[in-house]
Amino acid sequence: MSLRAGWVGSVVLVFVLAFAVSTATAEQRMGAWVDEVIVTEEPSAAAAVTRLEVGELDVYAYGVSDPAIFQKVSASPALGFERSFGSYSELTFNPAGPVLEDGKLNPFAVPRVREAINWLVDREYIAEEIHGGMAVPRYLPITSAFPDYARLADIARQLELRYAHDPERAKAVITEEMGKLGATLVGGKWHYQGEPVKLILLIRTEDERREIGDYLATLLEELGFTVERQYKTAAEASPIWIGSDPAKGLFHIYTGGWVTTVVARDQSTNFNFFYTPRGLARPLWQAYKPATEFDEIADRLARRDFKTMEERTQLFARALELAMQDSVRVWLVDSLSISPRRAEVKVAADLAGGIYGAYLWPYTIRFTDRVGGTMRIAMPSILTDPWNPLDGTNWIYDMMLIRATADYGYMWDPFTGLHWPQRAERAEVYVKEGLPVSRTLDWVDLKFVPENRVPPDAWLDWDPVAQRFITVGEKHPEGLTANRKTVVYYPNNLYNVKWHDGSNFSLADIVLGIILTFDRAKEGSPVFDAAKVPAFETFQRYFRGVRIVQKDPLVIETYTDLYYLDAEWYVGTWFPYYDQGPGAWHTLGLGLMAEMNQEAAFSKDKSQKLGVEWLNMIAGPTVGVLERFLRKASDENYIPYAPALGQFISAAEARQRWANLAAWYREKGHFWVGSGPFYLERAYPVEGMVHLKRFADYPDPAEKWVRFGEPMIADLEVEGATRVRIGAEAVYDVAVTFQGKPYPVALVENVKYLVFDARGELALTGTAQAVGDGLWRIVLTGAQTGRLPAGSNRLEVIAVPRVVSIPSFESVVFVTTR
């Protein structure tokens, strides 16, 4: 079995977990299974595994891809682990310049120099030698373990061949471009205006990126660059690569690492996120300047501005090509990761994000022999950046803990990436006829219609001065239509949901989220943030209106030209979970007051421009700022955006909210208030520790999500002729199995194949035919083999299951002769 087949080949079914607790006890438990979670820092995976073995820790919530550690965990009867496929490494480049503020040269301001790094690095070496075989080369901004790679495999493979390791080509391109910049090679070293061209390389120290950084530094030095190797932890590197102004030149390259926390069924937004200012409100992203064509295609894909899958494929193919030419990021490897744990710990891990990326971890983590207890978790870094729901930390270490404090309108399936109803109850989705949308789960009712007319009283825009919504009828008296209409029905008990400070959930919490979707990107707003404008402009191009149809039980309609391939995706609940966490109207109200008075800012970009603190609601100086505004809000019985939001908040509710928050702050010392299964008891930045406690008023039974058990892993095996006469038929049988048993045909969407000929070119593509459960057949006709030259060919097979979103790969070699 090939490496790719061994770890990318994953097919999953859902099973109900066996519980080692009594039925009576399980039925009585609400919310989380454990009483508290203590999270600490442990930068060393090897040390973490030792601490797990001796019982100091219960879970190491990190994607470990060290083969020696994997062997140790596998051999230990005291330990278990969860597999995941969503971690990947890359090189992040500073695109500012080419001449920086200090007059020094930044070669990576030139796209061709960045593009050349693709030829310079040997991804096979990184995967096999540095990662010890627990990774595969990654060239593109899409993950090889996710559906889009399978859909676009022929396009992807051709680009991978184009950008295969070719150091001489890299050297030639870089030499040419350095000359254009006015640099000269003196004594084998590049100089600019009489000084060596020095590159600052930020090298992360917690994992294989340390070796990757050293490897890259050596390659660059061999090309004539002077390289300053700065070894940094996550917390040390963050203020530089994320927080600093790129024009100041505090870094040139950062050894980046990402984890896609859920199985991404549609990666159309990756280009928008990774290559344009619309990605994040961070200084680095605001410095991105993609080529016009690339920017437009990235925007179109993010808005799903295509009518057929064929048109989508054309856009995607061109976007992948332009992404490689842009290369503000050079992708290196997709990793096979494990998340080690004690054997007596059970948790629903995500096939993409493992334990720390799984939205379901706080709902399912438990001990098999008891209910309750203290769960001890370690991660390489915590409290890396400030916590605030709108534009706070985006680090996975922080987000894992933030998600434990939050609730959602829907929940992510850890095996398929589909959405299940969580706080919502059901939904109707009306899609314009002809668009490529399908449904898998029956909580959504999908209907195709000739058109979706938007009601004139739907909210379409926002007046930041008058602080009121602008309706469709006002802005478009001629009327509007939309590609998609969603109708979300909330349960009868929605307003019985509690925020952690004891406040009852209200419709105002949802309406504030609608307001903030517009207000921060409007120049007339007192909290205008220029970094929010690029993403908002994209939003405006597809948004067609929202309407509250009924308040109790709550029903919300949303109209948009943005649609998804799956009807279950992003149905428009408007539940108040923001980009970086949960937010109630009163806690966010304090942050808005602080920003209006220019004493803090939600985004890092704006905080730098104002010269104020980046808002942190859990620790640091801005907690004191929020405390002062809490006193002011209590005295005034403040309601944010009162002309609009005041229609949904009574004076009595406002007084109660401020009183609840004041009592919460006196007891907890912070302003982080969610509605999830855990609340934040206290954060200890100096000690590197976070204490979460079970929220006793959480409304759902603990066993609600325990049906997600261990995923089934599928194997592919291909058998057929190893020698084929050119012009003769060749037959190959593909066995798709799980634990030696046939995989049902009904659970496999398709089995595709690619043939690469002796020249290394993609020669043939096609689809295998199902013979029966567990058996598919590929028939290469005489006409097809007649197009192959003599020599060695590779047949690559890709199985795409229906019940998971991770394809399986296997390949065989055959020789064509005359």
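The values are calculated or read from the model by the stated rules, or taken from the named source; none is laboratory data. As the structure is a prediction and not an experimental result, all values here were calculated from the model. Here the Cβ is made from the backbone with ideal geometry for all residues, glycine too, and neighbour counts use every protein chain on show. Only protein heavy atoms, including side chains, enter the accessible area calculation; ligands, DNA and RNA are left aside. Shrake-Rupley method; radii C 1.70, N 1.55, O 1.52, S 1.80 Å.
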Checklist entry - Counting only residues 5 or more places away or on other chains, whose amide H sits under 5 Å from the amide H of Ala763 once H atoms are built in the peptide plane? => result Val755, Phe756, Asp757
Item to check | 3J(HN,Hα) from dihedral phi, region 258-269, Karplus parametrisation 6.51/-1.76/1.60, rounded to Hz, x for glycine, proline | outcome: 9, 9, 7, 7, 10, 4, 8, 6, 9, 9, 4, 8
Item to check | Per residue, in Å², the accessible surface of region 209-306 once ligands and nucleic acids are set aside, probe 1.4 Å | outcome: 31 Å²
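Compute, for region 280-402, the length of the dipole vector about the Cα centre, with Cβ point charges of +1 (Lys, Arg) and -1 (Asp, Glu) only. Units Debye, rounded to 20.
580 debye
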Checklist entry - Tell me which lysines have Cα within less than 22 Å of Lys475's Cα, excluding those fewer than 8 residues away on the same chain? => result Lys485, Lys522
Next on the checklist: Can you return the lysines within cross-link range of Lys72? Criterion is Cα-Cα under 25 Å, with same-chain partners fewer than 8 residues away left out.
Outcome noted: Lys346
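Size of the dipole of region 686-818 about the Cα centre, Lys and Arg at +1 and Asp and Glu at -1 on the beta carbon, nothing else charged, in debye to 20? Write out the running numbers ahead of the final one.
Details: 14 positive and 16 negative charges, 87 e Å.
So the magnitude is around 420 debye.
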Checklist entry - Taking square-rooted eigenvalues a ≥ b ≥ c of the alpha carbon gyration tensor, is region 118-247 rounded, prolate or oblate, where a/c under 1.5 means rounded and, failing that, a/b exceeding b/c means prolate? => result oblate
Checklist entry - Taking R0 as 35 Å, what's the FRET efficiency between Lys307 and Asp445 from their Cβ-Cβ distance, rounded to 0.05? => result 0.95
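Rounded, prolate or oblate, given the Cα gyration tensor of the chain, with a/c below 1.5 counting as rounded? Each step should come with its number before you reach the end.
On the way: a/c = 1.44, a/b = 1.27, b/c = 1.13.
Rounded is the answer for the chain, as its axis ratio a/c remains below 1.5.
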Checklist outcome for this item: Karplus-derived 3J(HN,Hα) from phi for region 658-665 (6.51 cos²θ - 1.76 cosθ + 1.60, θ = phi - 60°), whole Hz, x at Gly and Pro, runs 5, 5, 4, 5, 5, 5, 4, 5
Checklist entry - Extension gain Ser44-Ser438, at 0.36 nm per residue separation less the Cα-Cα distance, in nm? => result 137.4 nm
Checklist entry - For His165 and Thr722 in one chain, what is 0.36 nm times their gap in residues minus the Cα-Cα distance, to one decimal in nm? => result 197.7 nm
Checklist entry - If you roll a 1.4 Å probe over the chain with all protein chains in place, what percent of the accessible area is carbon or sulfur? => result 49 percent
Next on the checklist: Need the C-alpha centroid separation for region 558-579 versus region 447-522, integer Å.
Outcome noted: 12 Å
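Could you grab the relative contact order for the chain? Cα pairs under 8 Å, six or more apart, rounded to a whole percent.
Values: 1908 pairs, mean separation 148.9, N = 818.
So the answer I get is 18 percent.
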Checklist entry - When DSSP beta bridges are limited to those with both residues in the chain, what percentage is antiparallel, rounded to the nearest 5? => result 80 percent
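Where nothing but the Cβ of Lys and Arg (+1) and of Asp and Glu (-1) is charged, how large is the charge dipole of region 464-511 around its Cα centre, in debye to the nearest 20? Intermediate values should be presented prior to the final figure.
Numbers: 5 positive and 4 negative charges, 27 e Å.
I would put it at about 120 debye.
Going by a ≥ b ≥ c, the root eigenvalues of the Cα gyration tensor, does region 634-704 fall in the rounded group (a/c under 1.5), the prolate group (a/b larger than b/c) or the oblate group?
On the way: a/c = 2.69, a/b = 1.52, b/c = 1.77.
The shape class here is oblate.
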Checklist entry - Once both labels are modelled 7 Å past Cα along the beta-carbon direction, what's the Glu195-Asn750 spacing in nm? => result 5.6 nm
Item to check | Residues Glu36 and Arg210, FRET efficiency given R0 of 30 Å [Cβ-Cβ distance, rounded to 0.05] | outcome: 0.35
Checklist entry - Relative to the longest principal axis of the chain, what angle (0 to 90°, nearest 10) does the C-alpha long axis of helix 209-222 take? => result 60 degrees
Checklist entry - On full extension of the chain, what length is gained from Ala78 through Asp733, given 0.36 nm per residue of separation minus the C-alpha to C-alpha distance? => result 231.7 nm
Checklist entry - From the cross-link list Lys432/Lys551; Lys498/Lys704; Lys307/Lys532; Lys198/Lys604; Lys604/Lys693, which pairs have alpha carbons spaced over 24 Å apart? => result Lys432/Lys551; Lys307/Lys532; Lys198/Lys604; Lys604/Lys693
Checklist entry - Which of the aspartates and glutamates could a cross-linker bridge to Lys189, judged by Cα under 12 Å and excluding same-chain residues fewer than eight apart? => result Glu221, Glu222
Checklist entry - With θ set to phi - 60° and the Karplus curve 6.51 cos²θ - 1.76 cosθ + 1.60, what are the ³J(HN,Hα) couplings of region 144-158 in order, to the nearest whole Hz, using x for Gly and Pro? => result 5, 8, 10, x, 5, 5, 5, 4, 10, 4, 5, 5, 4, 4, 5
